[in-house]
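Peer 1: So that we are looking at the same thing, I have put the structure below in structure tokens.
The values are calculated or read from the model by the stated rules, or taken from the named source; none is laboratory data. A quick note: this is a predicted structure, and the numbers were derived from the prediction, not measured. Cβ placement follows ideal geometry from the backbone for every residue including glycine, while neighbour counts extend to all protein chains displayed.
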Amino acid sequence: MTKQKTISEITTLWQADKKQYVKKSSFSAYALLVENHILPSFGNHYNINEAEVQAFVFRKLEQGLCQKTIKDILIVLKMTLKFGAKNNWLDYKEFDIQFPTVRENQTVEILSRTHQKKIMQHVQQHFTFRNLGVYLCLSTGMRIGEVCALTWEDIDTENGIININKTIQRIYTIESGIRKTELILDTPKTKNSIREVPMNRDLLRMLKPIKKVMNPNFFVLTNEVKPTEPRTYRSYYKKFMQELEMPDLKFHGLRHSFATRCIESKCDYKTVSVLLGHSNISTTLNLYVHPNIEQKKKAIDQMYRSLK
């Protein structure tokens, strides 16, 4: 084996290598997990065993981190260790980490039909470009970064299609120990997120005359060459909902509301999954498809009739 290196030294070399292959936003997320969690716990180690990692997991749970975040940290840790083993800087054995059993909350927060109709009618009657963004999300299921990145050239009123092909996000970067933030416009994380979503008749009727006089390169929410960023638009949305005396629903609840209305309307699950830009249909099923008591009764009745 070549000379052993510390985890801190290996992560520096791993990041330099990884930066060549991954999106800037992904690299930023990796760097933050390394800086905030991996280096403080393991930076001066030359090797890590399973017991140490298991203790690390319990410690992070006690600090209030959710299992998803901890699992993300472990993914980065494993990539780093494998990189070190590949270069003969340390020994690495696969570890099997256990998490306490947690009953998952299957409910997603959505707008009622009454509230959704009220919001959409309000936007039609009090049109502003920022209000339009809320209407768009309820009509297409766009994520906040996607609607912030939407330009007029993405709206095809001739064919009644919205092309979703980019996203805006503010990322943290760490260079030479100095942290700063950067607003980036980029393609979505997965190829499934690049998609075409048809417009409903009301939305098309609203946008068709506007589109004719708009600069195709301007962002929809600002109608300017400069976009608004998700954090700013989220603040606007919160005030918008308060003024309409709506429930305190997170912005992502607009996307959940769109998906739920699709499922309630008996849309097939595969189509809903494609409209949302999910990487696979199981994500859609796990989030939105939960039979209610009437559907369960119907299934039991069908089964019972088949026995007769």
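Peer 1: Which one of Val22, Val57, Val53, Val34 is surrounded by 16 or more Cβ atoms within 10 Å (Cβ to Cβ) and either closer than 20 Å to Ile171 by Cβ or hydroxyl-bearing (Ser, Thr, Tyr) (or both)? Spell out how you get there, then give the answer.
Peer 2: Values: Val22 fails: surrounded by 16 or more Cβ atoms within 10 Å (Cβ to Cβ); Val57 fails: either closer than 20 Å to Ile171 by Cβ or hydroxyl-bearing (Ser, Thr, Tyr) (or both); Val53 fails: either closer than 20 Å to Ile171 by Cβ or hydroxyl-bearing (Ser, Thr, Tyr) (or both).
None of the other options fit; the residue is Val34.
Peer 1: Can you name every residue in the range 1-19 that is over 30 Å from the mean Cα position of the chain (by Cα), surrounded by fewer than 14 Cβ atoms within 10 Å (Cβ to Cβ) and part of a helix (DSSP H, G or I)?
Peer 2: none
Peer 1: Give the range 250-291 a look and list any residue that's free of Cβ contacts under 8 Å to residues at least 24 places away in the same chain, over 21 Å from Met199 (Cβ atoms) and aliphatic (A, V, I, L, M), or say none.
Peer 2: Within the range 250-291, Ile281, Leu285 qualify.
Peer 1: In this structure, is Leu74 surrounded by 15 or more Cβ atoms within 10 Å (Cβ to Cβ), within 30 Å of His252 (Cα to Cα) and not aromatic (Phe, Trp, Tyr)?
Peer 2: So Leu74 passes the test.
Peer 1: Looking at Lys180, is it of a type outside the set (Val, Ile, Thr) and assigned to a loop (DSSP other than H, G, I, E, B)?
Peer 2: Considered against the rule, which asks whether it is of a type outside the set (Val, Ile, Thr) and assigned to a loop (DSSP other than H, G, I, E, B), Lys180 comes out as no.
Peer 1: Can you tell me which residue within the range 139-178, out of those that are farther than 24 Å from Val272 by Cα and aliphatic (A, V, I, L, M), is surrounded by the fewest Cβ atoms within 10 Å (Cβ to Cβ)?
Peer 2: Filtering the range 139-178 for residues that are farther than 24 Å from Val272 by Cα and aliphatic (A, V, I, L, M), the one surrounded by the fewest Cβ atoms within 10 Å (Cβ to Cβ) comes out as Ile178.
Peer 1: Right, here's the next one. Here are the criteria: (1) in contact (Cβ under 8 Å) with a residue 40 or more places away in the chain; (2) of a type outside the set (Phe, Trp, Tyr); (3) farther than 15 Å from Tyr135 by Cβ. Tell me which single one Leu204 does not satisfy.
Peer 2: Only one criterion is unmet by Leu204, namely (3).
Peer 1: Out of curiosity, is Asn215 in contact with a helix residue (DSSP H, G or I) (Cβ under 8 Å, 6 or more places away or on another chain), exposed (fewer than 12 other Cβ atoms within 10 Å of the Cβ) and either of a type in the set (D, E, K, R) or more than 16 Å from Ile162 (Cβ to Cβ) (or both)?
Peer 2: no
Peer 1: Okay, moving on. Looking at (1) touching a strand residue (DSSP E or B) at 6+ places or on another chain (Cβ under 7 Å); (2) outside the structural domain of Asn159 (by TED's automatic domain parsing); (3) within 20 Å of Asn131 (Cα to Cα), can you tell me which one Met199 breaks?
Peer 2: Status for Met199: all satisfied but (2).
Peer 1: Moving to a separate point now. Considering every residue within the range 250-265, establish whether at least one is charged (D, E, K, R) and modelled with pLDDT under 95.
Peer 2: yes
Peer 1: Kindly provide the set of residues from the range 22-50 that are outside any helix (DSSP H, G or I) and touching a helix residue (DSSP H, G or I) at 6+ places or on another chain (Cβ under 9 Å), ordered by number. Step through it out loud before you land on a result.
Peer 2: So the first thing to find is which residues in the range 22-50 are outside any helix (DSSP H, G or I), and the list is 22-23, 43-49.
Val22, Gly43, Asn44, His45, Tyr46, Asn47, Ile48, listed by residue number.
Peer 1: May I pose another question? In contact with an Asp or Glu (Cβ under 9 Å, 6 or more places away or on another chain) and in a loop (DSSP other than H, G, I, E, B), is that true of Leu221?
Peer 2: Judged against the criteria, Leu221 is not a match.
Peer 1: Also, I was wondering about something else. Would you be able to tell me the number of residues in the range 271-296 that are basic (Lys, Arg) and under 16 Å from the mean Cα position of the chain (by Cα)? Quick ask: steps written out before the conclusion?
Peer 2: Going residue by residue through the range 271-296, those that are basic (Lys, Arg) are 296.
Then keep just the ones that are under 16 Å from the mean Cα position of the chain (by Cα); that gives none.
So the answer is 0.
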